[in-house]
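All remarks here apply to the structure that follows.
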Amino acid sequence: MAKEFSVPPVVFPSAGGNPGIPSQRRAPPPSVGPFFQPSKPANPGTGPSIPFMSFDIGSAPASSSFSNPVFGGGGYAGGGATSFEDEPPLLEELGINTRQIWRKTISILNPFRVNANLHEDADLSGPFLFLVTFGLFQLLAGKFHFGIILGWVFIAAFFLYIVFNMLAGRNGNLDLYRSMSLVGYCMLPMVLFSALSLFAPQGGGVISFSMGAVFVVWSTRVCTRLLVELASCGDEHRGLIAYACFLIYSLFSLLVIF
């Protein structure tokens, strides 16, 4: 005798439903995130629909690719170029005034008409440039004197500072910073001498000593005049100040010759 198996009825969803079989309720699908919400089907008997993001195209304002982006509720104004144009140059922010350095250089090139008013504002940018140039010319001559040059300039400025204040007494107003600035700027004739010495015979000679004497007198005259006019009580001791300056620049000339 064959065994009978009970087959459950198959339910097909339709618009009207199956009157003979009670309707089966399905659990609503869970929502996926705050943006993805299941949309209700137009006909509840047709089954669940695939959730999509809904966009309200009609209410969105028309925008173009050239419009300014909006951050935090406010428009971003493209004013970066104007702000950069208003900023001072980088050299001025670092305290390097190229025009002032150029004017001081031109005034030193004429030893008979030195404008002391240009050197009232002391700086070390021009002296450092002259010392580096002086060292480069010495390097072209086969002499590595960068450390010696920087050390000698500091010692010379300190020596001149002590001598001047001892001569002027309590009325002396020469500070070490101004002394280094003046000694450095008056190194310009020594820089020219080191450049011309590349074409002169090495090891000393009449030509080298004659050129050295001219440039030493040039540097001594300029430095003495600037010290006398910028510092107080310097006119009374002009000869002693000139002698100290002569010793300083004679050492640098010997460094170039030998």
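The values are calculated or read from the model by the stated rules, or taken from the named source; none is laboratory data. Given the structure is predicted, the values throughout are model-derived calculations rather than measurements. Cβ: placed from backbone, ideal geometry, glycine included. Neighbour counts: every protein chain shown.
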Which residues, taken from region 197-219, are within 37 Å of the chain's Cα centre (by Cα) and at pLDDT 95 or above?
-> PHE215, VAL216, TRP218, SER219
Residue under evaluation MET187, criteria (1) farther than 24 Å from ASN115 by Cβ; (2) modelled with pLDDT of 95 or more; (3) crowded, with 20+ Cβ neighbours inside 10 Å, criterion not met = (1)
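Rundown of residues vs (1) polar (S, T, N, Q); (2) surrounded by fewer than 13 Cβ atoms within 10 Å (Cβ to Cβ); (3) under 21 Å from the mean Cα position of the chain (by Cα); (4) more than 17 Å from MET187 (Cβ to Cβ), yes/no style:
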| site | (1), (2), (3), (4) |
| --- | --- |
| GLU93 | no, yes, yes, yes |
| THR105 | yes, no, no, no |
| VAL114 | no, no, no, no |
| HIS119 | no, no, no, no |
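Every residue in region 220-234 that is within 17 Å of ASP175 (Cα to Cα) and without any contact (Cβ under 8 Å) to a residue 40 or more places away in the chain, please. Step through it out loud before you land on a result.
Initially, region 220-234 is screened for residues within 17 Å of ASP175 (Cα to Cα), giving 223-234.
Once the filter is applied, which keeps residues that are within 17 Å of ASP175 (Cα to Cα) and without any contact (Cβ under 8 Å) to a residue 40 or more places away in the chain, region 220-234 yields THR224, VAL228.
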Which of the residues belonging to region 105-154 are aromatic (Phe, Trp, Tyr) and within 14 Å of PHE252 (Cβ to Cβ)?
-> PHE130, PHE134, PHE137, PHE146, TRP152, PHE154
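Within region 76-112, which residues are among the basic types (Lys, Arg) and modelled with pLDDT under 85? First the steps, then the outcome.
Filtering region 76-112 for residues among the basic types (Lys, Arg) gives 99, 103-104.
Selection gives nothing.
Please find, among ARG99, ARG178, the residue that is out of contact with any helix residue (DSSP H, G or I) (no Cβ under 8 Å at 6 or more places or on another chain) and charged (D, E, K, R). Walk me through how you get there before you give the answer.
Working: ARG178 fails: out of contact with any helix residue (DSSP H, G or I) (no Cβ under 8 Å at 6 or more places or on another chain).
Unique residue meeting the criteria: ARG99.
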Extreme residue, farthest from the chain's Cα centre (by Cα), among residues of region 124-146 that are closer than 15 Å to TYR185 by Cα and in contact (Cβ under 8 Å) with a residue 40 or more places away in the chain | PHE134
